[in-house]
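Single-structure report; data block below.
No lab work stands behind these numbers, since they all come straight from the coordinates. All of these numbers come straight from a predicted model, not from anything done at the bench. Heads up, the Cβs are rebuilt from the backbone with ideal geometry, glycines too, and the neighbour counts pull from every protein chain shown.
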Amino acid sequence: MSAVNGQVSKMDRAGHLRSNQATLDELWAKAKIVHCSDGRLAVSLNATELRFLKATDVAELIKSGEFNAGEKYFLGLDQLDSQPYFAWSSDHPKSQSDDAPAGYATLRDIGGDLDELQMELALHSVALSNWHKTHPHCARCGAQTSVAMGGAIRTCDTDKSEHYPRTDSAVIVLVRDANDRILLGRQAIWPEGRFSCFAGFLEPGETFEQCVQREVFEESGIAVREINYLGSQPWPFPASIMISFEAITDFPEAARPDGEEIVQIKWLSRTELNSQVADGSLSMPPAMSVSRKMIDRWLHA
Ligand SMILES: [Zn+2]
């Protein structure tokens, strides 16, 4: 079976270019720019692709007062043609509403439609924008921080300390039994009928494998063995990476929901899963989620 998300990068992050501001300015002038605004991305009219801005568009939007100056982050060069890409994180100062303005959508909404290059650009842009927006102050002295190294880090304006973007590790597990059924759970906060794989955050001092065993046991009450790595997917909501595994249990009959986070669990054969999806009694996780890819991989094995 193939990996869940093992594709090679379409981008060259070109870290060696980040330290020279004159070079970054030249690249910005000819860049395709991903606009992150109020938690959304600029998208095409039919909201299936990113809508790239040019440096002149950005200058005009700032001059008109429609958007604030924001921050620029260098994303790298297209591996194929060396086209430079940047993210521009800038909010709409006049926006009073939670409704998406025309031409903007969340990554969750459009993630299932983007091709590999655009998905990579969107994930990188949203992850950087989320981190920069929530780290305006130095964790050591509390002074203001500023963007440095083309957006790869922030530095403290007072003590010059460097601050690196944080990514929170979370494991996600597809549990199987000896009969090749899978165990899915439903969280209390999800809509009726929505089921997915088990997942949880890595704790300090824990290996991924220990985290898999702990999370599955906490949420479903069963022990697992044969923990195999499947792949990983950035999940910048707001700052995670999902590390995906499959695991086997010898005690399928012992499975029971923890009653807090997980309120319902189901063992499913391929036939059962397909028929429950067809009759509407079970809904799958969204197309861009790693859980959906893990379930699909098993379904088509
Ligand atoms: Zn400081």
Can you return the aspartates and glutamates within cross-link range of K32? Criterion is Cα-Cα under 19 Å, with same-chain partners fewer than 8 residues away left out.
D12, E49, D57, E60, E71, D78, D81, D91, D115, E116, E120
When D81, D115 are ranked with the fewest other C-beta atoms within 10 Å first, the list becomes D81, D115
For a quick check, take a GNM of the chain with Cα springs below 10 Å and name the residue from N46, N20, N228 with the largest mean-square fluctuation.
N46
Rank these for me by crowding, L41, L24, going from fewest to most other beta carbons within 10 Å.
L24, L41
DSSP loop trypsin sites (Lys or Arg not before Pro) in the stretch 145-208 with at most 14 other Cβ atoms within 10 Å of their Cβ, which ones?
K160, R166
What do you get for Rg/Rh over the chain if you use C-alpha atoms and the Kirkwood form of Rh?
1.02
Ordered by fewest other Cβ atoms within 10 Å, a rough proxy for footprinting exposure, M11, M294, M119 read M11, M119, M294
For the chain, set up a GNM with springs between Cα atoms under 10 Å and report which of A223, A148, A278 has the largest fluctuation.
A278
Quick one: go through the stretch 227-254 and flag any residue whose amide nitrogen is under 15 Å from the point 7 Å out along the Cα-to-Cβ line of A178.
248-254
Summing -39500 (n - 2.57) over the DSSP H runs of n ≥ 4 in the chain and dividing by its residue number, what mean residue ellipticity at 222 nm do you reach, to the nearest 500 deg cm²/dmol?
-7000 deg cm²/dmol
Along each principal axis of its Cα atoms, how long is the stretch 168-299 end to end? Whole angstroms, biggest number first, please.
43, 32, 28
Before anything else, pin down the relative contact order of the chain: Cα pairs under 8 Å, at least 6 apart, normalised by residue count, whole percent.
17
Express the relative contact order of the stretch 1-93 as a whole percentage, based on alpha carbon pairs under 8 Å and six or more residues apart in sequence.
34
More than 24 angstrom apart: percent of Cα pairs within the stretch 83-217
56
Apply the Karplus parameterisation 6.51 cos²θ - 1.76 cosθ + 1.60, with θ equal to phi minus 60°, to every residue of the stretch 101-111 and state each ³J(HN,Hα) to the nearest whole Hz, in sequence, with x for glycine and proline.
x, 4, x, 9, 8, 7, 4, 4, 6, 9, x
Given the options G259, G221, G70, which has the most mean-square fluctuation in a GNM of the chain, springs set between C-alpha atoms less than 10 angstrom apart?
G259
Between the DSSP loop rule and a limit of at most 13 other Cβ atoms within 10 Å, which GluC sites (Glu not before Pro) in the stretch 196-301 are left?
E260
